[in-house]
Amino acid sequence: MAEQACLVKELDVGSSRIRLETGRVARQAGGAVLVRCGDTVVLVTATMAETIREGMDFFPLTVDYEERLYAVGKIPGGFIKREGRPSEKATLSARLIDRTIRPLFPKGLRNEVQIVATVLSVDQDNPPEIAAMIGTSAALHISAIPFPNPIGGLTVGLVDDRYVINPNLEEKQKSRMHLTIAGTRDAIMMVEAGAQEVSEEELLAGINIGHEKIKDIVDFIESFLQEALALGLAYPKVELPLPESNPEMESTVFEMAAGKIGDAVNRCINEKLSKKDRENYLNAVKAELLENLAETFSEQEPLVKNIIEDVEKKIIRSFILNQGIRIDGRTSNEIRPITIEAGILPRTHGSALFTRGQTQVLSATTLGPISDEQILDGLGIEEAKRFMHHYNFPPYSTGEVRFMRSPGRREIGHGALAERSLQPVIPVEENFPYAIRIVSEVLESNGSSSMGSVCASCMSLMDAGVPIKAPVAGVAMGLIKEDDRVVVLTDIQGLEDHLGDMDFKVAGTENGVTSLQMDIKIAGVTGEILEQALKQAREGRIFILGKMTSVLPVPRKELSPYAPRILHIVIDPEKIRDVIGPGGKIIKKIIEETKAEIDIEDDGRVFIAAVDPVGGQKALEIIENLTREVLAGGIYTGRVTRVTDFGCFVEVIPGVLGMPGKEGLVHISQLADHRVNKVEDVVKEGDTVVVKVLGYDNQGRLKLSRKDALPAESRRSPGSIPRRTGRTREVQRQ
């Protein structure tokens, strides 16, 4: 058997070197490429089914992004000890690739195509999702799958006002913007960004810089294909039969349908029909047309139905392009009516209902101790996160009936987008040491529910009293493009998303953008279109922010009475064991006694969470007593516990939970500034006295003096509180 050929090719992009290899592994796949960037290694395969499944009327593309924890030297947690369902990060990475490549496949392709990206090794300077995206492009390009245009992908950071291509981990941590871009040589296909309130101009500049580098990646993949073909490692593109077309029939159907559908659309616009009424009316008109045409084209009913749908699409798009009117009567930059209610759920920590047109989202905020943060078992460096946003899209929101299952890719993606939009304004843990979870329930949907959840969730945070940096709003932009004619739509509804060419979501504050996501259905958009979309998005965002702040201008000053109050104290890390006790005995007693939740960090930070402020304060005092140092030279108020012939013992720090406190001996010679014949002449058991710490004897026992503290005693009232050595504060909006 002849030795199998192998091709390896490399390219430098920013600070990364991309290495593509084919011919060595996974040789039975339609196309297989091993991608290496630094020590990150991803295997990507692209395979297409030879036949079309019966009844298939859409393009069945599947992108699977498989994380392997051995890639970062981890063993999976849990009982089973193997990877289970995809992590949120894996789901988002798969969506990133899917959204980029789906519009580039030939229209009418019905053969099933599967992309599998398996992450084999990861170094944190080189994100595996970018390697997977480039590997997907290369694997598709060398396969027989009809995918004519290779794509490139990369990230752009903004570090010290300098744009960085594929920033490393240190640069990412300093960057004000994390921008992911993918596209062909001629156009941008996908944009996704999280940012620290950057301006639209900064975003656009980053996109343009990134697209120039993408062109180099596309050229690299093209040359990789040519060399692979020469070695017999790539395959000619197959020519697949596309759906039948009948120009004569299409012309006839169009002539018969255009007038009736045009009149129906015109009525929808003039009467401003609701989504449900409009759908029912247009569906009835289309059903009547199909029935009338069934006799003429009896054997081609599915094709006739598709033509009627195309007629509807063209007419609605024509109204927008030629008359500047949308199907609900709005102009291109007009936002639907907005109503907002805050604090509608009595027992949640924060809540808000945001309604924009026929899209309605209810968001609820829950505050918890830091121990409630989410533990991450993934390939990144983050091990936990304290801010979580979850998005639910039940079937009743669109008037449908279907099984209620666990969140799908779309719900995970929308939840992550809203989380990324709000993250830059969430207060840091030092100022607000709470775990924060928001759940957005989409109660009604007619487009832009993800941006509606951003607005509802921001209002919910403010209702909860979370001191966010600034309010955040989001708006979804659409696009209608025919040749050189372009109209950008503000606040798109469901039909415009379905019939349009772009879904461009932008969220941010009054000062700048915090997140961006672009989905596209055509072969890319230009920088000029993005510039117009960003401009209109800012105008829409400012308008929505005005509506939000008119209801709740700033976060509430007080937390909900049902939210835990968190007290914070910093103790010496060496004293942690004194609080926990053997086998956790002491801390369990504190929790049982006070009903408070206690979290202790390795650096000595202690967080005490309690709905009852009395219990929280009691837990704080107990921990202070357990960890308080008795310092030489310090003045303390204590209680006389025992009296002997040679002096008395004074408890300077009280015991807690049935445990002894810290006490020392006041020798008879240290009781007063004169000779004392009998200890009882000066103090009795149970007396409160002020003493000064002289130090410790050879056996580590505390030596105290009442004599040296007498001047201080004369200035103190009995029972005064000794000075504290720990730093405490209550984290609560007053």
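Bear in mind that the values in this text are calculations on the coordinates, not laboratory data. If you're wondering where the values come from, they're calculated on a predicted model, not measured in any experiment. Don't worry about glycine lacking a Cβ; one is built from the backbone with ideal geometry, like all the others, and counts go over all protein chains shown.
Based on Cα contacts under 8 Å between residues 6+ apart, the chain shows a relative contact order of 10 percent. When you work out D = kT/(6 pi eta Rh) for segment 55-178 at 25 °C and 0.890 mPa s, using the Kirkwood radius from C-alpha pairs as Rh and the Stokes-Einstein form, the result is 149 µm²/s. Shown in residue order for segment 561-574 are the 3J(HN,Hα) couplings computed by the Karplus curve 6.51 cos²θ - 1.76 cosθ + 1.60 at θ = phi - 60°: x, 9, 8, x, 8, 10, 9, 10, 9, 10, 10, 5, x, 5 Hz (x for Gly and Pro). Along segment 455-465 the Karplus relation, 6.51 cos²θ - 1.76 cosθ + 1.60 evaluated at θ = phi - 60°, assigns HN-Hα couplings of 5, 4, 5, 4, 5, 5, 4, 5, 5, 6, x Hz to successive residues, with x for each Gly and Pro. Once you order the gyration tensor axes a ≥ b ≥ c over the Cα atoms, which shape class does segment 150-284 get: rounded for a/c under 1.5, otherwise prolate or oblate by comparing a/b with b/c? Judged from the Cα gyration tensor, segment 150-284 comes out oblate (a/c at least 1.5, b/c at or above a/b).
Taking every alpha-carbon pair under 8 Å whose residues sit at least 6 apart, segment 7-230 reaches a relative contact order of 21 percent.
Normalised by the empirical 2.2 N^0.38 Å for globular proteins, what value does the Cα Rg of segment 267-364 take? List each step's numbers first, then the result.
Working: Rg = 19.6 Å, N = 98, 2.2 N^0.38 = 12.6 Å.
Relative to the 2.2 N^0.38 Å estimate, segment 267-364 comes out at 1.56.
First select every other residue whose beta carbon is under 9 angstrom from the beta carbon of M190; then total the charges, Lys and Arg +1, Asp and Glu -1. After counting each charged neighbour, the total is -1. Taken along its principal axes, the alpha carbon cloud of segment 439-571 reaches lengths of 65, 33, 30 Å, longest axis first.
Determine the dipole magnitude for segment 29-154: charges of +1 sit on the beta-carbon of Lys and Arg, -1 on that of Asp and Glu, nothing else is charged, the reference point is the Cα centre, and the result goes in debye to the nearest 20. Numbers along the way, then the final one.
Values: 13 positive and 14 negative charges, 27 e Å.
So the magnitude is around 120 debye.
Under a point-charge model restricted to the Cβ atoms of Lys and Arg (+1) and Asp and Glu (-1), what is the dipole moment magnitude of segment 338-551 relative to its Cα centre, in debye to the nearest 20?
Details: 19 positive and 27 negative charges, 63 e Å.
Its charge dipole is roughly 300 debye.
Among 186-197, 438-449, sorting by the average number of other beta carbon atoms lying within 10 angstrom of each residue, highest first, gives 438-449, 186-197. Partners of K662 within straight-line reach, counting aspartates and glutamates whose Cα lies under 12 Å from its Cα and excluding those fewer than 8 residues away in the same chain: E629, E651. With coordinates expressed along the principal axes, the C-alpha atoms belonging to segment 217-339 extend over 64, 47, 25 Å, beginning with the largest. Among G616, P302, T514, whose Cα sits farthest toward the positive end of the charge dipole of the chain (+1 at Cβ of Lys/Arg, -1 at Cβ of Asp/Glu, about the Cα centre)? Working it through, the farthest residue towards the positive pole turns out to be G616.
Return the Rg/Rh value of segment 488-541, two decimal places, where both radii are evaluated on C-alpha atoms and Rh is the Kirkwood radius.
Working: Rg = 11.2 Å, Rh = 11.7 Å.
Dividing the radius of gyration by the Kirkwood radius yields 0.95.
For a test of the definition: using alpha carbon positions, the gyration tensor, and the 1.5 limit on a/c, classify segment 602-673 as rounded, prolate or oblate. Verdict is prolate for segment 602-673.
Take the Cα pairs of segment 1-101, get the Kirkwood Rh, then feed it into Stokes-Einstein at 20 °C and 1.002 mPa s and tell me D in µm²/s. Can you show the working numbers first?
On the way: Rh = 16.6 Å.
So the translational diffusion coefficient is about 129 µm²/s.
Only DSSP H runs of four or more residues enter the estimate; each adds -39500 (n - 2.57), and after division by the residues of the chain the mean residue ellipticity at 222 nm equals -10000 deg cm²/dmol.
A cut-off of 5 Å between modelled amide H atoms, ignoring neighbours fewer than 5 places along the same chain, links T359 with N446. Taking the three principal axes of the alpha carbon atoms in segment 338-551, the coordinate ranges are 56, 42, 41 Å, sorted in descending order. The Cα-based radius of gyration and maximum Cα-Cα distance (Dmax) for the chain are 33.9, 126 Å. The order of the peptides 256-268, 560-572, 500-512 by mean Cβ neighbours within 10 Å, most packed first, is 500-512, 560-572, 256-268. Here is the link list: K385/K535; K260/K313; K107/K276. Which ones come out longer than 24 Å on Cα distance? The pairs that break the limit, which is 24 Å between Cα atoms, are K385/K535; K107/K276. Scaled against 2.2 N^0.38 Å for its residue count N, the alpha carbon radius of gyration of segment 1-45 is 1.26. The dipole here belongs to segment 565-627: it is taken about the Cα centre, uses +1 on the Cβ of Lys and Arg and -1 on the Cβ of Asp and Glu, and is about 240 debye. Projecting the Cα atoms of S397, G232, V554 onto the dipole axis of the chain, where Lys and Arg carry +1 and Asp and Glu carry -1 at the beta carbon, places V554 farthest toward the positive end. For segment 494-508, 3J(HN,Hα) computed residue by residue from phi via the Karplus equation (6.51, -1.76, 1.60; θ = phi - 60°) reads x, 5, 6, 5, 5, 8, x, 10, 7, 10, 10, 9, 9, 10, x Hz, glycine and proline entered as x.
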